[in-house]
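What follows is a single structure, written as structure tokens, with notes after it.
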Amino acid sequence: MSGTEIELEKDKAKYGLLAVMASNVAIVAVAVVGVYRLKGDTSVIVGILTAAFTAVSGMTTAYIGIKAVSNTARSMTLVGPAQQQSPAPVPAAPAGPDAAPVPAAPAPTS
């Protein structure tokens with residue numbers, strides 16, 4: 001990976017996080033203004049705060065999830081198929097007097 005690609009990835013991560021943080025601040029600001037203007041109507045205030053919390057957590061979770069998948073996909077393409085780990089071999093069944101019996105194959109029917 002060249003230096004410009006690394007800088008591009010750093011910029012994408014930095015500005016992506018900045019966009020999520022700015023949108024979260026905007027959501028909180030709108031919720032605070034909404035709560036302030038209602039002056040005590042608790043049922044509507046609870047609704048506004050619930051919606052704001054849902055929006056903030058959804059936006060943040062989506063960013064973190066997309067970033068994690070992007071980083072995983074990028075690292076898998078950089079490693080290449082020859083260097084990826086193969087799955088661990090499955091151990092053979094134990095042989096001996098206390099081993100579980102293997103069922104016989106069914107007889108062919110005509």
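We did not get these values from a lab; they are worked out from the coordinates using the rules stated. Bear in mind that the values here come from a model prediction, so they are computed numbers and not experimental data. Cβ: placed from backbone, ideal geometry, glycine included. Neighbour counts: every protein chain shown.
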field: Test for Val28: is it surrounded by 11 or more Cβ atoms within 10 Å (Cβ to Cβ), in contact (Cβ under 8 Å) with a residue 24 or more places away in the chain and assigned to a helix (DSSP H, G or I)
entry: yes
- prompt: When only residues in the stretch 31-50 that are among the small types (Gly, Ala, Ser) and loosely packed, with under 11 Cβ neighbours inside 10 Å count, which is nearest to Arg74 (Cα to Cα)?
  reply: Ser43
message: Could you list, ordered by first residue, the pairs with Cβ atoms under 8 Å in which the first is in the stretch 47-66 and touching a residue at least 40 places away in the same chain (Cβ under 8 Å) and the second is in a helix (DSSP H, G or I) and surrounded by 16 or more Cβ atoms within 10 Å (Cβ to Cβ), at least 6 apart or interchain?
response: Thr60/Val20; Thr60/Asn24; Tyr63/Val20
- request: Would you check if Gly40 is more than 20 Å from the chain's Cα centre (by Cα) and not in a helix (DSSP H, G or I)?
  value: yes
message: Looking only at the stretch 1-21, filter to residues that are among the hydrophobic types (A, V, I, L, M, F, W, C) and exposed (fewer than 11 other Cβ atoms within 10 Å of the Cβ); which one of those is farthest from the chain's Cα centre (by Cα)?
response: Met1
task: Could you tell me whether any residue of the stretch 25-45 is of a type outside the set (S, T, N, Q) and in contact with a Gly (Cβ under 9 Å, 6 or more places away or on another chain)?
output: yes
message: Being in contact with a helix residue (DSSP H, G or I) (Cβ under 9 Å, 6 or more places away or on another chain) and loosely packed, with under 14 Cβ neighbours inside 10 Å is the requirement here; does Val56 meet it?
response: no
